[in-house]
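The values are calculated or read from the model by the stated rules, or taken from the named source; none is laboratory data. Predicted model only: the values in this text are computed from it and were never measured. So basically every Cβ, Gly included, is an ideal-geometry build from the backbone, and we count neighbours across all protein chains shown. Accessible surface areas use protein heavy atoms only, side chains included; no ligands, DNA or RNA. Shrake-Rupley method; radii C 1.70, N 1.55, O 1.52, S 1.80 Å.
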Amino acid sequence: MKHRLGFAIACLLLSVACLAASLPHLRKHPPHAFATPAAKVQGTIHVGSLTLHRCFDAPAYCGSVLRALDPTAQVPGNIEVKFWFYPHTDTSQAPLEPIMAAEGGPGYSTTGSADGYVGLFAPLMDRRDLILMDKRGTGLSQAVSCPVLQDSGFDNEVHGIETCSAHMGDTRYLYGSGLAADDMAALLDALGVSTIDLYGDSYGTYFAQAFAGLHPERLRSVVLDSAYPVRGLSPWYPEIAPTASYAFNVACQRSPTCGGQRETSMRRIEQLVESVRAHPFSGTAPDGNGISQTVVANATNLDYLMVGNVTQSVVYRDLDAAARAWLDEGQTLPLLRLIAENQLTDDSSGEGSPVSEFSEATFVAVSCQDYPQIYDMNSSYADRLLQRRQSIAGERRSMPFVYSPFLIAEFDAMPLDTSVLDLCLHWDAPSVTSPYPPGEPVPPSAEFTKAPVLVLSGDLDSLTPALQGAEAAKLFPNARQIIVPNSFHVTADEDEDNCASLLVQRFVATLDPGDTSCTQHIAEVHLVPRFATTAAGLDPASGLAGNQGTDADLRVVAAAGYTISDVVARWWVNYSGSDVGLRGGSFTYGGATSVTHFKLDHVQFVDDVQVSGKASWDYDYPGGVTATVHVEGVGTEAGDLVFKWKSHLADAQATITGKIGARRIAATMYAP
């Protein structure tokens with residue numbers, strides 16, 4: 001689920017919980033081998049009342065508990081809730097409380113993200129078991145399949161949701177967070193476990209809060225990574241727009257390539273919105289897989305780009321410069337490419353993927369069961385339509401700019417899984433009485449755990465904003481929120497900055513995150529300074545001692561640097577292993593570890609410089625980038641250059657050596 005950057009917003013608005021879960025995770029990560037501690041997994045073991053067997057596809061033991069699908073017995077049948085059990089490795093000492101992790105979505109499989117959770121908690125697994133339970137209706141726990149919705153996702157929108165609602169019948173309200181939390185408590189009983197340390201990210205934080213409200217005595221500690229509150233959430237999600245404005249402004253301010261502009265980044269984006277609202281335009285641009293698509297630049301698609309924000313750092317990196325390119329020069333390509341990439345990435349979020357990895361049906365079922373709506377889920381469709389009209393009319397009167405700079409109608413026009421205002425409109429009303437009524441995964445009378453709670457929020461996360469994390473923290477008598485600068489959705493799981501993961505590990509070990517100074521050293525987003533059409537339009541790299549390159553040479557150097565960084569950035573939006581340059585050429589990439597290798601073939605970031613050669617990027621901290629490339633083009637002699645920089649270090653500088661023509665190049669530039 002970590003690679004589904006886009007689905008988030010649907011979740012996001014749905015409850016930002018969804019978002020957090022799905023979206024939330026939504027980050028794409030390089031493949032890692034299981035980083036499991038050296039525990040021997042063989043045969044069977046007995047834990048509590050359960051006999052666990054060695055898993056076929058993981059270095060863990062597999063087990064299950066049988067649960068009534070409907071505890072009230074109105075709907076017959078059981079559901080097998082399955083889990084993976086990683087035993088602690090040091091048997092010479094008494095074991096400590098197990099750790100449980102909960103994936104987001106909703107709809108994602110927790111066991112499907114096992115490598116990330118094992119990597120996060122490996123330092124603690126000498127004395128702590130790790131338990132990964134697939135929530136009911138996901139992954140191994142009888143993932144719900146609605147073929148029309150699963151195969152084409154929200155392309156069918158209303159039809160898919162109506163069909164899925166009918167397909168699920170009386171079970172459609174039996175997959176919420178409350179029942180899933182009760183499943184987890186039953187699993188702990190079967191394992192003979194009294195208390196756990198619980199980590200949740202994205203929607204997993206919403207689920208974790210439900211568990212903390214329903215079973216508060218079972219918790220030693222809780223970590224909520226990219227949280228939104230399980231109680232008191234507005235169905236309009238008013239925190240999103242101000243958070244997005246803040247995030248784009250500070251991302252620009254922190255980047256030397258953007259911060260010197262006269263106006264704020266959001267003011268330029270507002271001008272862009274006003275422009276395309278009045279005069280939308282269309283054109284062709286490559287999507288994340290390098291396939292040319294016809295897309296439209298209008299206010300709704302910009303909203304979809306910014307709110308869904310499925311490509312996270314890429315949107316922050318490119319949008320300000322793309323806005324200037326259109327407003328100042330009439331360039332359409334940078335903006336259209338962003339829109340095309342965003343749509344592809346969101347479409348790749350889960351639609352058409354195996355239901356065992358992500359269940360579209362469970363996403364909708366949980367969203368419509370748990371999240372607050374602008375209409376009454378117990379009402380008929382006709383009544384909901386009336387309630388919807390009244391709600392929107394009231395919001396337009398009281399908060400017309402709730403999604404500023406976008407209008408409510410522009411927000412509502414996005415795909416249902418992103419706008420979410422109408423996601424549940426066609427989800428049939430409950431026909432049975434659920435133990436947890438719609439919109440109440442935790443009863444109003446429930447008191448949340450007194451155990452220590454750590455809330456982590458990325459300050460650039462507009463999917464589950466820090467403001468929502470603060471509201472989640474208020475539910476607990478012993479909670480602390482840490483806002484992680486320059487971080488997006490989900491900060492600790494598969495942490496590339498080597499910071500939030502350490503805070504989580506210390507918190508689980510000692511109930512105190514300890515020294516948080518690492519949060520002040522996370523690298524800023526390196527924004528594109530300008531989408532120039534020629535090298536002459538870029539600022540030159542800075543010559544060092546021994547440099548013989550001319551001013552024109554150093555502008556070619558800068559163009560080559562931005563070409564390489566543009567290629568590396570596309571890793572976040574590409575799912576095929578091949579793509580095309582902004583203005584020409586192509587590239588491929590691959591890699592089975594944290595190091596990704598790129599091969600460039602006449603790639604053009606500007607029209608008059610072509611870059612060919614090889615580059616490698618180590619995803620893990622400090623994020624080393626090394627490129628050996630050949631440059632050529634109109635108006636410049638050919639040359640060979642070597643670039644080096646570290647992408648995860650604050651204020652990183654790139655060093656460049658080589659030759660253009662016969663002239664030696666020794667230069668530096670702010671890491672592109």
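Of the conditions (1) at pLDDT below 95; (2) buried (at least 23 other Cβ atoms within 10 Å of the Cβ), S445 fails just one. Which one is it?
Answer for S445: the failing condition is (2).
Kindly list the number of the only condition in (1) in contact with an Asp or Glu (Cβ under 7 Å, 6 or more places away or on another chain); (2) of a type outside the set (V, I, T); (3) open to solvent by 10 Å² or more (accessible area, probe 1.4 Å) that fails for D115.
With (1) in contact with an Asp or Glu (Cβ under 7 Å, 6 or more places away or on another chain); (2) of a type outside the set (V, I, T); (3) open to solvent by 10 Å² or more (accessible area, probe 1.4 Å) applied to D115, the lone miss is (1).
So which residues in the range 618-672 are of a type in the set (S, T, N, Q) and not in a strand (DSSP E or B)?
Correct list: S647 only.
Search the range 359-400 for residues being aromatic (F, W, Y) and free of Cβ contacts under 8 Å to residues at least 60 places away in the same chain, and hand back the single one that is nearest to E440 (Cα to Cα).
Applying the filter and picking the extreme gives Y375.
Could you list, in sequence order, the residues of the range 387-398 that are exposed (fewer than 13 other Cβ atoms within 10 Å of the Cβ) and of a type in the set (A, V, I, L, M)?
The one that is exposed (fewer than 13 other Cβ atoms within 10 Å of the Cβ) and of a type in the set (A, V, I, L, M): A393.
Give me a count of the residues in the range 163-199 that are closer than 20 Å to L50 by Cβ, touching a Lys or Arg at 6+ places or on another chain (Cβ under 9 Å), open to solvent by 10 Å² or more (accessible area, probe 1.4 Å) and of a type outside the set (D, E, K, R).
Matching residues across the range 163-199 total 4.
More than 14 Å from T655 (Cα to Cα), of a type in the set (S, T, N, Q) and either out of contact with any Lys or Arg (no Cβ under 9 Å at 6 or more places or on another chain) or in a strand (DSSP E or B) (or both) - does that describe any residue in the range 542-550?
no
Determine whether L140 is open to solvent by 10 Å² or more (accessible area, probe 1.4 Å), touching a Lys or Arg at 6+ places or on another chain (Cβ under 6 Å) and either farther than 30 Å from Y381 by Cα or at pLDDT 95 or above (or both).
yes
Just wondering, is there one or more residues in the range 292-300 that are over 15 Å from the mean Cα position of the chain (by Cα), among the hydrophobic types (A, V, I, L, M, F, W, C), surrounded by 23 or more Cβ atoms within 10 Å (Cβ to Cβ) and closer than 18 Å to A569 by Cβ?
No, the range 292-300 contains no residue that is over 15 Å from the mean Cα position of the chain (by Cα), among the hydrophobic types (A, V, I, L, M, F, W, C), surrounded by 23 or more Cβ atoms within 10 Å (Cβ to Cβ) and closer than 18 Å to A569 by Cβ.
Working carefully through the options L421, L454, find the one that is open to solvent by less than 10 Å² (accessible area, probe 1.4 Å) and in a loop (DSSP other than H, G, I, E, B).
L421
Keeping to the range 460-472, report how many residues are open to solvent by 10 Å² or more (accessible area, probe 1.4 Å) and either part of a strand (DSSP E or B) or touching a residue at least 24 places away in the same chain (Cβ under 8 Å) (or both).
Residues meeting the conditions: 3.
H597 fails exactly one of the following numbered conditions: (1) farther than 29 Å from I522 by Cβ; (2) under 26 Å from the mean Cα position of the chain (by Cα); (3) free of Cβ contacts under 8 Å to residues at least 24 places away in the same chain. What is the number of that condition?
That leaves (1) as the condition not met.
Name the single residue that is nearest to F406 (Cα to Cα) among those in the range 307-334 being among the hydrophobic types (A, V, I, L, M, F, W, C) and open to solvent by 10 Å² or more (accessible area, probe 1.4 Å).
Out of the qualifying residues, it is V307.
Inspect the range 632-654 for any residue being more than 30 Å from Q520 (Cα to Cα) and touching a Phe, Trp or Tyr at 6+ places or on another chain (Cβ under 9 Å) and give the result as yes or no.
For the range 632-654, residues more than 30 Å from Q520 (Cα to Cα) and touching a Phe, Trp or Tyr at 6+ places or on another chain (Cβ under 9 Å): absent.
Please specify each residue of the range 484-516 satisfying the condition of being farther than 20 Å from G104 by Cβ, among the polar types (S, T, N, Q) and assigned to a loop (DSSP other than H, G, I, E, B).
Those that are farther than 20 Å from G104 by Cβ, among the polar types (S, T, N, Q) and assigned to a loop (DSSP other than H, G, I, E, B): N486, N498, T516.
What about N574, is it over 18 Å from D608 (Cα atoms), touching a residue at least 40 places away in the same chain (Cβ under 8 Å) and touching a Gly at 6+ places or on another chain (Cβ under 7 Å)?
So N574 passes the test.
What are the pairs with Cβ atoms under 6 angstrom where one residue, in the range 135-160, is over 28 Å from D182 (Cα atoms) and the other, located anywhere, is modelled with pLDDT under 85 and crowded, with 24+ Cβ neighbours inside 10 Å? Sequence gap at least six, or different chains.
Close Cβ pairs satisfying both conditions: F154/D417.
In the range 394-417, which residues are over 16 Å from N301 (Cβ atoms) and either touching a His at 6+ places or on another chain (Cβ under 8 Å) or not in a helix (DSSP H, G or I) (or both)?
M399, P400, F401, V402, S404
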